[in-house]
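K.L.:
Please see the structure below; I have some questions.
The values are calculated or read from the model by the stated rules, or taken from the named source; none is laboratory data. Worth saying up front: this structure is predicted, and the values here are computed from it rather than measured. Note: ideal-geometry Cβ built from the backbone for every residue, glycine included; neighbour counts use all protein chains shown. Quick note on the areas: whole protein, heavy atoms, side chains included, nothing else; ligands and nucleic acids left out. Shrake-Rupley method; radii C 1.70, N 1.55, O 1.52, S 1.80 Å.
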Amino acid sequence: MSQYQENYRKVMSILADRRTSAQETADRHRADFHARCPRAVTLDAELAKTAMRIFSAATSGVDVDKKVAAIREENEQMQSERKGLLASLGLPADYTDPHYTCPLCSDTGFIMTDMCPCTKEMIRLENLRTCGAGAGVDTQTFDTFSLKYYEDDPDTYQIMRQNLAMARDFAEHFTPGKENLLLMGGTGLGKTHLSTAIARTVIEGGHEVVYETAQTVFSDFADERFRNGDSSRTDKYLDCDLLILDDLGTEFTNSFTVTCLYQIVNTRLIRNRSTVISTNLTPRELNDRYDERLTSRFLGLYRVLQFKGQDVRYQKLAEK
């Protein structure tokens with residue numbers, strides 16, 4: 001089961017719990033009302049028969065409109081009396097009604113056959129929480145990516161402005177398998193910020209995103225291979241709509257990690273799944289660390305965004 005499926009099940013479980021809680025509270029309030037006002041028991045019993053009485057009148061074929069109007073008038077009178085009884089006890093008119101968190105869907109998650117906006121928002125937030133991007137997903141957006149830290153050099157500024165535009169276009173018009181990105185450059189130049197912004201935007205577009213460091217990804221594959229044989233932790237890296245592989249090159253590199261990386265890259269290309277990779281390595285360092293099969297795919301099948309400038313984190317510290 002994918003993380004998105006798990007998130008959907010979690011949200012629906014939360015909604016079911018909310019609905020049950022609201023109904024149980026309403027039942028307790030109704031029982032309290034009945035205990036304090038015996039007349040309410042009779043009224044509620046009669047009100048519960050209203051739908052069946054209207055159905056019987058509608059199918060009788062004789063004076064249908066008159067009968068239905070009389071039943072509705074009687075219902076309104078009983079409802080009015082019931083509200084009066086509640087008020088006499090100092091209780092609100094909706095005391096015995098279920099109070100759902102969402103009045104649109106009554107915590108069912110759907111309005112008729114359409115998913116309720118509340119459910120969509122809960123799933124969106126859960127997907128953001130579990131995508132792996134961490135707390136940065138709340139603040140590192142395209143709008144908060146400031147180009148002022150690159151203004152000292154006009155060429156660098158133009159390169160970074162283009163990187164921002166291409167990353168935004170990739171995310172806002174995301175289609176699985178359409179394009180892959182390779183973000184290259186030194187530390188503190190904005191690769192993680194734009195990667196996180198991509199993750200957020202693609203998730204909000206309804207796609208499954210997994211954001212993880214290269215070190216963690218290869219560790220999961222090692223656990224599968226040498227310990228438990230459980231592929232549930234690694235399947236997501238091959239199947240999700242977008243994999244964001246952060247900090248490639250910081251892991252301990254050996255023949256196993258190179259094989260894992262080739263499996264990830266090649267499998268995702270075959271399955272028409274998109275990948276964003278960020279690395280501090282130069283093209284030459286990539287070629288030295290990984291074999292030519294990988295390097296050729298990175299430089300030939302990925303759009304390369306070269307990051308330039310001075311470490312933004314140091315610049316921010318200097319501003320304080």
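K.L.:
Taking every pair of alpha-carbon atoms in segment 198-320, what share in percent sits in each 10 Å bin, from 0 to the bin with the longest distance?
P.N.:
Distribution as computed: 12, 40, 33, 13, 3 percent.
K.L.:
Quick check: net charge around D32, other residues with Cβ under 15 Å of its Cβ, Lys/Arg +1 and Asp/Glu -1?
P.N.:
Taking every Cβ under 15 Å from that of D32, the sum is 0.
K.L.:
Express in nm, to one decimal, how much length is gained between A35 and R271 on full extension, taking 0.36 nm for each residue of separation and deducting their alpha carbon distance. Spell out each step's value before the answer.
P.N.:
Values: separation 236, 0.36 × 236 = 84.96 nm, distance 6.41 nm.
Between A35 and R271, full extension yields 78.6 nm more.
K.L.:
Express in whole angstrom the spacing between the alpha-carbon centres of segment 10-74 and segment 268-311.
P.N.:
Between the Cα centres of segment 10-74 and segment 268-311 lies a distance of 64 Å.
K.L.:
How are the Cα pair distances of the chain distributed, in percent, across 10 Å bins from 0?
P.N.:
5, 19, 22, 16, 10, 9, 10, 7, 1, 0
K.L.:
Once the piece of chain linking R72 and I14 is laid out straight, how much longer is it, given 0.36 nm per residue of separation minus the C-alpha distance between them?
P.N.:
Numbers: separation 58, 0.36 × 58 = 20.88 nm, distance 3.69 nm.
The R72-I14 span can extend by a further 17.2 nm.
K.L.:
So how far apart, in nm, are the two label points at E151 and R233 if each is 7 Å from Cα heading toward Cβ?
P.N.:
4.6 nm
K.L.:
While we're looking at this one, here's another question. Would you please give the residues with an amide H less than 5 Å from that of V276, counting only those at least 5 places away or on a separate chain, with H modeled from the backbone geometry?
P.N.:
Sorted by chain and number, the residues that satisfy this are L181, L243, I244, L245.
K.L.:
Ordered by residue, what ³J(HN,Hα) values in Hz, to whole numbers, does segment 33-42 give under the Karplus form 6.51 cos²θ - 1.76 cosθ + 1.60, where θ = phi - 60° and Gly and Pro are x?
P.N.:
Using θ = phi - 60°, the values come out as 4, 5, 5, 8, 9, x, 4, 5, 4, 5 Hz.
K.L.:
Per residue of segment 172-183, in order, report the coupling 6.51 cos²θ - 1.76 cosθ + 1.60 (Karplus, θ = phi - 60°) as ³J(HN,Hα) in whole Hz, putting x for Gly and Pro.
P.N.:
Calculated HN-Hα couplings, in order: 6, 10, 5, 9, x, x, 6, 7, 10, 10, 10, 9 Hz.
K.L.:
Heavy-atom accessible area of M115 with all protein chains present, probe 1.4 Å, nearest 10 Å²?
P.N.:
Probe radius 1.4 Å; accessible area of M115 about 60 Å².
K.L.:
Do you know the Lys pair count in the chain for C-alpha distances under 22 Å, with sequence separation 8 or more or different chains?
P.N.:
15
K.L.:
So, one more: Can you work out ³J(HN,Hα) from phi for every residue in segment 54-69, in order, using Karplus 6.51 cos²θ - 1.76 cosθ + 1.60 and θ = phi - 60°, giving whole Hz and x for Gly and Pro?
P.N.:
Listing the rounded values in order: 5, 4, 5, 5, 5, 9, 6, x, 10, 6, 4, 4, 5, 5, 5, 4 Hz.
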